[in-house]
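Some notes on the structure that comes next.
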Amino acid sequence: MEYITAGESHGPELTAIVTGVPAGLPISEEQINTDLKRRQSGYGRGGRQAIETDTVRVTSGVRFGRTLGTPIALTVRNRDWENWTDRMAAFGCVPSDLVREVTPRPGHADLVGVLKTNTDDCRNILERASARETAARVAAAGIAREFLAELGVDVFSYVTSVGDVRLADEDLAQVVQHAPLDIELSEMRCPDERTTEAMKRAVDRAKADGESLGGTFRVVATGLVPGLGSYATGPDRLTSRIGAALFSIPAIKGVEFGLGFEAARRVGSQVHDPIALENGEFVRTSNNAGGLEGGMTNGMPLVVTAAMKPIPTLMQPLGTVNLDTLEVEEASKERSDTCAVPAAAVVAEGEVAFALANAYLEAFGSTCMADVKAAIKAYQKRLKTMGR
């Protein structure tokens with residue numbers, strides 16, 4: 001199952017095409033729209049969210065609410081396009097009053113993209129490099145999430161820090177038990193009310209100072225069968241695939257599985273998870289590995305944490321060099337967010353869902369849902385036999 005997206009931040013629409021989807025998978029347009037709304041939410045979002053109300057339009061690959069086994073095309077309209085029709089027109093002459101973007105922002109793709117493509121307008125780069133593109137990813141990921149849900153797999157996320165405000169060490173079992181209700185009720189998508197309020201105050205301070213804030217979030221997947229992924233080759237390890245998927249999200253600078261870097265500070269007996277037998281099934285008595293061993297799922301919840309850097313657009317801009325005059329100026333200011341960590345977590349859910357969906361399809365076939373479910377049932381039966 002793969003996807004590709006197209007579209008610019010201020011173009012007419014964003015498009016996603018998803019291939020490799022089994023036939024017979026129920027798809028809910030309402031659920032995809034719910035995820036799109038979750039992506040737009042979160043304390044600290046900017047003015048663009050007041051303009052856009054993202055909804056999906058499915059134009060192929062689904063009939064009467066079920067997939068056909070053919071490519072699925074989805075579009076998300078950009079309402080702000082109405083204000084950019086002259087400046088972002090696909091054809092026609094360049095407007096005489098067009099103002100080029102010539103003051104690239106530090107921390108963004110602006111300057112390097114200009115140098116790479118030999119253009120004199122950062123707009124040609126920033127329109128596609130914008131995180132607005134992730135709306136199409138979330139729409140596409142709705143297909144992967146529906147697939148996993150049919151197999152009893154739940155994927156959710158929550159914010160663990162914003163700036164220097166951090167969620168205290170939490171009991172993951174408690175988070176899993178109450179998710180996603182407590183998380184979605186929080187404006188910061190954090191399961192603790194007091195931490196949520198502290199995060200909001202940090203965002204308010206940053207906004208008043210013309211700054212932006214990054215943070216960390218955790219993605220959890222439950223209900224996974226053991227053995228997804230591979231130990232045979234490096235690129236096929238699920239750690240490799242999930243890591244690559246998360247790093248594809250703009251502004252993600254670090255990824256940890258389970259204990260992550262903390263594992264490097266502990267002795268082995270405090271890191272590795274003892275194996276036990278419960279009701280004929282092999283289990284781990286702890287989950288420091290985050291549900292992955294040897295590049296494969298081990299049946300425990302998948303736990304992966306990612307770090308997002310602050311958004312590079314600042315209302316108190318850093319210094320840059322004007323591409324026309326080669327003089328030092330302040331960087332350009334696009335309409336932007338103060339903090340988008342809660343939104344990034346929703347995008348990350350989708351990326352993890354795609355990686356997991358692919359692992360299931362590789363292990364159990366991809367023609368139709370009936371065959372996939374039958375193969376999984378047979379596999380689970382064999383695993384129980386091994387534990388007797």
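For the stretch 86-101, the criterion of being buried (at least 19 other Cβ atoms within 10 Å of the Cβ) and in contact (Cβ under 8 Å) with a residue 60 or more places away in the chain is met by at least one residue. Restricting attention to the stretch 337-367, the residues that are surrounded by fewer than 22 Cβ atoms within 10 Å (Cβ to Cβ), in a helix (DSSP H, G or I) and in contact with a helix residue (DSSP H, G or I) (Cβ under 8 Å, 6 or more places away or on another chain) add up to 4.
If the condition is being outside any loop (DSSP other than H, G, I, E, B) and loosely packed, with under 10 Cβ neighbours inside 10 Å, then the stretch 258-283 contributes PHE261, ALA264, ARG265, GLY268, SER269, GLU278.
Residues in the stretch 366-376 that are among the small types (Gly, Ala, Ser) and modelled with pLDDT of 95 or more: ALA370, ALA374, ALA375.
Annotation: of all residues in the stretch 284-313 being in contact with a Pro (Cβ under 6 Å, 6 or more places away or on another chain) and among the β-branched types (Val, Ile, Thr), the one that is surrounded by the fewest Cβ atoms within 10 Å (Cβ to Cβ) is THR285. If you go through the stretch 111-133 and pick out every residue that is in contact (Cβ under 8 Å) with a residue 12 or more places away in the chain, in a loop (DSSP other than H, G, I, E, B) and surrounded by fewer than 22 Cβ atoms within 10 Å (Cβ to Cβ), you end up with 3. Among the residues of the stretch 214-233, not a single one is part of a helix (DSSP H, G or I), without any contact (Cβ under 8 Å) to a residue 60 or more places away in the chain and over 19 Å from ALA340 (Cα atoms). The condition (being part of a helix (DSSP H, G or I), over 30 Å from ARG201 (Cα atoms), among the aliphatic types (A, V, I, L, M) and free of Cβ contacts under 8 Å to residues at least 12 places away in the same chain) is satisfied by just one residue among ALA378, ALA370: ALA378.
Figure legend. Inter-residue proximity from the stretch 3-30: first residues on the phi > 0 side of the Ramachandran plot, second residues assigned to a strand (DSSP E or B) and of a type in the set (Ser, Thr, Tyr), beta-carbon distance below 9 Å, spacing 6+ or different chains. Indicated pairs: GLY7/THR15; GLY7/THR75; GLY24/THR67. GLY44 meets all of the listed conditions (1) more than 21 Å from ALA149 (Cβ to Cβ); (2) surrounded by fewer than 20 Cβ atoms within 10 Å (Cβ to Cβ) but one, namely (2). From ALA245, ALA198, ALA221, ALA251, grab the single residue that is closer than 15 Å to ALA353 by Cα, surrounded by 14 or more Cβ atoms within 10 Å (Cβ to Cβ), of a type in the set (Gly, Ala, Ser) and touching a strand residue (DSSP E or B) at 6+ places or on another chain (Cβ under 9 Å). Going through ALA245, ALA198, ALA221, ALA251 in turn, the sole match is ALA221. Listed by first and then second residue, the pairs with beta-carbon distance under 9 Å, at least 6 apart or on different chains, first residue in the stretch 236-248 and more than 17 Å from LEU259 (Cα to Cα), second outside any loop (DSSP other than H, G, I, E, B) and basic (Lys, Arg), are PHE247/LYS253; SER248/ARG137. The residues of the stretch 348-388 that are β-branched (Val, Ile, Thr) and out of contact with any strand residue (DSSP E or B) (no Cβ under 9 Å at 6 or more places or on another chain), listed by number, are VAL372, ILE376, THR385. Inside the stretch 134-173, residues that are part of a helix (DSSP H, G or I), at pLDDT below 95 and of a type outside the set (Gly, Ala, Ser) make up a count of 1. Looking across the stretch 1-40 at every residue that is among the charged types (D, E, K, R) and over 17 Å from ASN358 (Cα atoms), the one that is nearest to the chain's Cα centre (by Cα) is identified as ARG39.
The values are calculated or read from the model by the stated rules, or taken from the named source; none is laboratory data. Predicted model, so just to flag it, every value in this text is computed and none were measured. Every residue, glycine among them, receives a Cβ derived from its backbone with ideal geometry; neighbour counts consider all protein chains shown.
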